[in-house]
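Worksheet: one structure, shown below.
The values are calculated or read from the model by the stated rules, or taken from the named source; none is laboratory data. As the structure is a computational prediction, the values presented were derived from the model and not from experiment. Please note: Cβ atoms are built from the backbone with ideal geometry, for glycine as well, and neighbour counts cover all protein chains shown. Note: areas computed on protein heavy atoms with side chains; ligands, DNA, RNA excluded. Shrake-Rupley method; radii C 1.70, N 1.55, O 1.52, S 1.80 Å.
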Amino acid sequence: MFRSTRALVSIGILLPLFSYSQQKWKVQPLPVTTRWTNVVTPEKVLEEYPRPQLKRSNWKNLNGLWKYSVTDSASTTAGNCKDVILVPYPIESALSGVQKALNPDKALWYKRTFNYKAVAKGKRVILNFGAVDQQAEVFVNKKLVGAHEGGYQAFSFDITDALLAGKNEVLVKVLDATDAGYAPKGKQTLMPSGMYYTSTSGIWQTVWLEEVPVVSISSLKMSPDLDRQQLHVSVVSNVELTKDYTIKTHATWGGSEGAASGMDLNIPAAHLWSPEDPFLYDMRVSLLYKGKV
């Protein structure tokens, strides 16, 4: 089978980000640790690109120290975010530096600032979240840019129209009922014991920024046909694509160009993936416009 092909897309340069002092953060006591526990610092938090199946070459990681506060769930303001939390570790974890439970009647607020240059013409800026448990509202410079529900799914918002040239603020409000609600929760519970786990609330996967073209690739659809030694590739875009758009692919077996709605790539003597030989192909995919500007 073919798996985990990778799209690499070049984007513009992002300016260095604002970071908070680490003086108030420390790992909380842990009954069991690993050899990686002491490797984590506010300056070195999950530095690898978080989406290997659709990788862009230029991005900016927002992991690190954020300010946080806990308010009543009905509150529409974050109050005084004076304490720090290490993102993307859930508030209940030792690595977050907090290690406190989030009750169903409370809201967890995250806040940080970052610097950004003026957005280039023909570009859009996307704010990505790997996962937030369970409900999230996201504000940029006090403007609501979107909301999401679901603790296990990645989500993104186009924040271009809310951005300022220079200093910007991102604020995230999180609600999580854990086992007091009806959302999927696995073995999470507010009262962990036996086979039930300590709950996970808040941002628990990488947060990052990307600058993309106005028309860009959102995801790839890839279907292998082993009998024909082919891979069918099509793209999903942030807008509806016309026949003027094509995709260009380049991989170790060669390159090709075809319709964005779908094209078949011939892969002679394909190196198949298996648990014993987990080989992965790399592939670069570009979205091209052939129409009149």
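Quick notes on this structure:
- For Ala147: the one exception among (1) within 26 Å of Thr37 (Cα to Cα); (2) within 16 Å of the chain's Cα centre (by Cα); (3) in a strand (DSSP E or B): (1)
- Subset of the stretch 230-247 (residues that are surrounded by 15 or more Cβ atoms within 10 Å (Cβ to Cβ), under 23 Å from Pro213 (Cα atoms) and not polar (S, T, N, Q)): Val233, Val235, Leu241, Tyr245, Ile247
- Residues of the stretch 128-168 that are of a type in the set (Asp, Glu) and either more than 21 Å from Gly64 (Cα to Cα) or open to solvent by less than 40 Å² (accessible area, probe 1.4 Å) (or both): Asp133, Glu149, Asp158, Asp161.
Yes/no matrix, rows are residues, columns are (1) among the hydroxyl-bearing types (Ser, Thr, Tyr); (2) touching a residue at least 12 places away in the same chain (Cβ under 8 Å); (3) open to solvent by less than 70 Å² (accessible area, probe 1.4 Å); (4) farther than 27 Å from Phe129 by Cβ:
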position: Met191; (1), (2), (3), (4): no, no, no, yes
position: Gly194; (1), (2), (3), (4): no, no, no, yes
position: Ser199; (1), (2), (3), (4): yes, yes, yes, no
position: Lys221; (1), (2), (3), (4): no, yes, no, no
position: Trp273; (1), (2), (3), (4): no, yes, yes, yes
position: Glu276; (1), (2), (3), (4): no, no, no, yes
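- The residue pairs whose first member lies in the stretch 39-50 and is open to solvent by 20 Å² or more (accessible area, probe 1.4 Å), whose second member is modelled with pLDDT of 95 or more and among the hydroxyl-bearing types (Ser, Thr, Tyr), and whose beta carbons are closer than 7 Å, counting only pairs six or more residues apart or on different chains, are Leu46/Thr206; Pro50/Thr206.
- Whichever residue in the stretch 61-83 is under 15 Å from Val170 (Cβ atoms) and not in a loop (DSSP other than H, G, I, E, B) and, among such residues, is most open to solvent (accessible area, probe 1.4 Å): Lys67
- Here Glu210 clears all of (1) open to solvent by 20 Å² or more (accessible area, probe 1.4 Å); (2) closer than 30 Å to His250 by Cβ except the condition numbered (1).
- Checking each residue in the stretch 257-269 for being more than 11 Å from Val235 (Cα to Cα) and open to solvent by 20 Å² or more (accessible area, probe 1.4 Å) picks out Glu257, Asp264, Asn266, Pro268, Ala269.
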